[in-house]
Amino acid sequence: MKTPTTSRRNFIRNGAIGAGALLLSPALSALAESKDNKRLGIALVGLGGYAGGQLAPALQHTKNCYLAGIVTGTPAKGDDWSKKYNIPKKNIYNYQNFDEIAKNPDIDIVYVVLPVSMHKEYTIRAARAGKHVICEKPMALNAAECREMIAACKKADKLLSIGYRLHFEPHTQEVMRLGQKQILGKVTKVDTANGFTYNGDPNAWRLKKALAGGGGLMDMGIYAIQGARYTLGQEPIAVKATQEKTRPELFKDVDETVYWELKFPGGQKVTGKSSYNHDWSYLKAQATNGTFELQPAYGYDGLDGKVNGKPMNIPNIIQQAAQMDDFATCVKLKKQSRVPGKEGLKDMKVVDAIYRSLDSGKWETI
Ligand code: NAD
């Protein structure tokens, strides 16, 4: 499976590059450490490509949390991970006995890294088991499911965060600063795209609507939607979308390439696109007094940017380590993450409206 400019394999290979979890504010970090020096235990649920290729390696670089447990349906994988990451057998669960994790004091945080259709169930079960939750993107199949997940975590008095690693990434943070603080004046235009050429298993869950909720839009487009939202610091109010299929036999159940235009309250011109058939990863913004851009904008590593055509010269970090360390700090301080469930809900409301627009051919209110 390939993403633009860096393949997922390259992300893994390059995983050791970067300064690691440096993005916590020093004050917050110091406060969390002085309160409680214990590193919080994370259990990964679903040991697929992202958990194995990115999250487990990143957890070797975290300061506030560590890989304490796993949940897998494949006992042999449990054995391999147990050896590789020194995970005690008592901290290995399967999907049937998962709820027993409630009794395990080693596990503070459950990280749901499953196909999208399983996010809601495992987030809610984890919260009911008394664990704080990180749930991967896209948060759920639709906005209604997101609301249920947020309500369940609130009821259980547990924190919920979405795996939006880029909010902890310095190029992305620079884009947020430039756009939201209007450093180059008011942003008038944003164009952004994310996609990769899918050449994977034709029977994979990603190509099944019931399991994935959709195709390139759900998987890759969610970043481009976020990109526009965090560049402007505003919420879109309406969307119009079109789609294109060049490999209908492969993408019979889900979208391949989707194009959209978003209407924001400030009247900015905002376009986006997602694809399972193009290697795209960029965010370009035009402001009244200049331009800024990231390209690649959404990968695990190798992000690069320019302001008024000049390089940003910002280092890449291990995004997932920064993300998980920040959440562990939030748990210690009983403080909402900067990417709470409602951030996932906001994106899913846009995704839902894009699918409505693809059906109606009209502008749809978000
Ligand atoms: P994957 O297919 O590689 O792994 C999925 C895991 O779920 C596998 O271990 C599989 O065995 C398990 N599973 C359990 N029940 C299953 C079922 N009924 N059908 C299929 N698999 C089942 O997928 P992935 O790429 O690791 O993605 C998992 C989640 O992580 C998705 O939500 C995806 O969007 C997200 N993800 C996020 C990023 C990111 O950058 N934040 C990157 C990749 C994936």
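The values are calculated or read from the model by the stated rules, or taken from the named source; none is laboratory data. All values derive from a computational prediction rather than experimental measurement. All Cβ positions, even for glycine, are placed from backbone atoms using ideal geometry, and neighbour counts span all protein chains on display. Note: areas computed on protein heavy atoms with side chains; ligands, DNA, RNA excluded. Shrake-Rupley method; radii C 1.70, N 1.55, O 1.52, S 1.80 Å.
List of remarks:
- Count - residues of segment 257-307 that are assigned to a strand (DSSP E or B) and open to solvent by 50 Å² or more (accessible area, probe 1.4 Å): 9
- Answer from Y164, Y122, Y93, Y85 - the residue that is free of Cβ contacts under 8 Å to residues at least 40 places away in the same chain, hydroxyl-bearing (S, T, Y) and within 16 Å of the ligand (Cβ to nearest atom): Y85
- Boolean, L114 is touching a His at 6+ places or on another chain (Cβ under 8 Å), within 16 Å of the ligand (Cβ to nearest atom), open to solvent by less than 40 Å² (accessible area, probe 1.4 Å) and outside the structural domain of V350 (by TED's automatic domain parsing): no
- Leading residue by the ranking (most open to solvent (accessible area, probe 1.4 Å)) among those in segment 53-79 that are within 10 Å of the ligand (Cβ to nearest atom) and of a type in the set (G, A, S): G73
- Complete set of residues in segment 151-183 that are touching a strand residue (DSSP E or B) at 6+ places or on another chain (Cβ under 7 Å), open to solvent by less than 20 Å² (accessible area, probe 1.4 Å) and not hydroxyl-bearing (S, T, Y): C153, L160, I162, G163, H171, V175, L178, G179
- Positions within segment 185-210 being open to solvent by 20 Å² or more (accessible area, probe 1.4 Å) and either assigned to a helix (DSSP H, G or I) or within 20 Å of T271 (Cα to Cα) (or both), in sequence order: K186, T188, K189, D191, W205, R206, K209, A210
- Any hit, segment 232-239, residues being over 17 Å from the mean Cα position of the chain (by Cα), assigned to a loop (DSSP other than H, G, I, E, B) and without any contact (Cβ under 8 Å) to a residue 40 or more places away in the chain: yes
- Filtered by the rule that a residue be farther than 28 Å from D201 by Cβ, touching a helix residue (DSSP H, G or I) at 6+ places or on another chain (Cβ under 6 Å) and surrounded by fewer than 17 Cβ atoms within 10 Å (Cβ to Cβ), segment 222-256 gives a lone residue, G233.
- When segment 195-224 is filtered for residues that are in contact with a Leu (Cβ under 9 Å, 6 or more places away or on another chain) and either of a type in the set (D, E) or under 16 Å from Q295 (Cα atoms) (or both), the ones remaining, listed by number, are D201, Y223, A224.
- Filtered by the rule that a residue be of a type outside the set (S, T, N, Q), within 22 Å of D80 (Cβ to Cβ) and in a loop (DSSP other than H, G, I, E, B), segment 91-106 gives Y95, D106.
- For segment 132-156, a tally of residues being over 29 Å from G299 (Cα atoms) and either within 16 Å of the ligand (Cβ to nearest atom) or not in a helix (DSSP H, G or I) (or both) returns 1.
- Close pairs (8 angstrom Cβ cut-off, 6 or more residues apart or separate chains): free of Cβ contacts under 8 Å to residues at least 12 places away in the same chain and more than 16 Å from the ligand (Cβ to nearest atom) in segment 298-313, assigned to a loop (DSSP other than H, G, I, E, B) and basic (K, R) anywhere: none
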